[in-house]
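Every number here is computed from the coordinates shown, using simple stated rules; none is lab data. Note that this is a predicted model, so its numbers are computed, not measured. As a convention, Cβ positions derive from the backbone with ideal geometry for all residues, glycine included, and neighbour counts pool all protein chains shown.
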Amino acid sequence: MFEVFGKTQIDFVGKRYFFFALSTLLVALGLFSLVQISRGKANLGIDFAGGAAIQLKFSQPIHIDAARKALDDNGLKHAELQQVVEDNKLLIRIKKQDVVEQNVRERVQEVFSKAFPDNQFVVESSTEIGPTVGQKLQSDALVAVLISMFCIVVYIALRFEFRFGIAATIATFHDVFAVLGIFFVLNKEINLLVVTALLTIAGYSLTDTVVVFDRIRENLKGRRKESLDQTINDSINQVLSRTFNTSVTVFLAVLAIYFFGGEVIHDFALAMILGIIIGTYSSWFVASPLLLLWRKRVGVLKRA
């Protein structure tokens, strides 16, 4: 395997308190954003906030700025528009808080019929989500994340031992909360696609952490007289090129999606980019040093 770094002697464990402090800030930001989401103070998509998504197909090309002006002039100032130029299609997303009408579809049809009388259109799809359904989706998304975290503890505990499972779970929670917090700060829309990205990040982070933990477990068996600090440091350095190569490969693939995949999955790709960076960081500087912290607080890790 091609080694980017060669043989390294980076003291990951020695820098643990600095990175623990940094990670604490990221997790605190994520927890704050979660509270704001539960209060409806975040930029929630129609999946969670309620609203309507309507896709129109026009007989002639339509300029997105003209469509936005027509909606603005008729009281729909915060509608989100996405255009498919080749097919003369227009996707309109309107949050419930931005419109008081019960039937948003009819309102949108009326606006465009008056604004563009010579450009006929048909409604290809229309979905309306009420606030109650949105709240149910919020709770279901939270349950999905919690179940995935529980499964991580069980999997790592069975494959390694319980304390490894706890360290991996804390690191995975850290990654998910960090990405969520950054999205909140950037005022990015949080919808089901972003939740999908968060669950994907959890899986990726776990895979990255397992690679490091597997090497730590092997070295614990063969280095009984060596300090745990040195064993963990050597283990991370030994798999450094492997985890870095994997992260860069996935990062480049997601980066291509971000730039060329279109607006529909733009935020999904952004969440994945952040997750890959933070997940790689946490497997080196959070998950593994947590094992050392556990040893000092609870007891010695098994070496057999």
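Here the peptides 233-242, 278-287 are ranked by packing, the mean other Cβ count within 10 Å, and the order with the highest first is 278-287, 233-242. The mean sequence distance of close C-alpha pairs (under 8 Å, at least 6 residues apart), as a share of the length of the chain, puts its relative contact order at 26 percent. Counted as membrane-span-like here are DSSP H helices of the chain whose alpha-carbon atoms extend 27 Å or more along the helix's own axis and whose Kyte-Doolittle mean is -0.5 or above; these are 16-38, 131-159, 162-185, 192-222, 240-260. Considering only beta bridges that DSSP places wholly inside the chain, some 95 percent are antiparallel. Largest first and in whole Å, the equivalent-ellipsoid semi-axes of region 67-221 read 47, 16, 13, each the square root of five times a Cα gyration tensor eigenvalue. Bridgeable lysines around LYS95 (alpha carbons under 23 Å apart, same-chain partners fewer than 8 residues away excluded): LYS41, LYS57, LYS69, LYS77, LYS114, LYS136, LYS188. Placing +1 on the Cβ of every Lys and Arg and -1 on the Cβ of every Asp and Glu, with nothing else charged, gives the chain a dipole about its Cα centre of roughly 1740 debye. Considering only GLY51, GLY14, GLY181, the mean-square fluctuation computed in a Gaussian network model of the chain, springs between alpha carbons under 10 angstrom, is largest for GLY14. Comparing ASP72, ASP229, ASP47 in a Gaussian network model of the chain, where Cα atoms under 10 Å apart are tied by springs, the biggest mean-square fluctuation is seen for ASP72.
Sequence-distant contacts, meaning Cα pairs under 8 Å at least 6 residues apart, place the relative contact order of region 156-304 at 37 percent. Ranking GLY51, ILE232, ASN119 by Cα position along the charge dipole of the chain, where only Lys, Arg, Asp and Glu carry charges on their C-beta atoms, puts ILE232 farthest toward the positive end.
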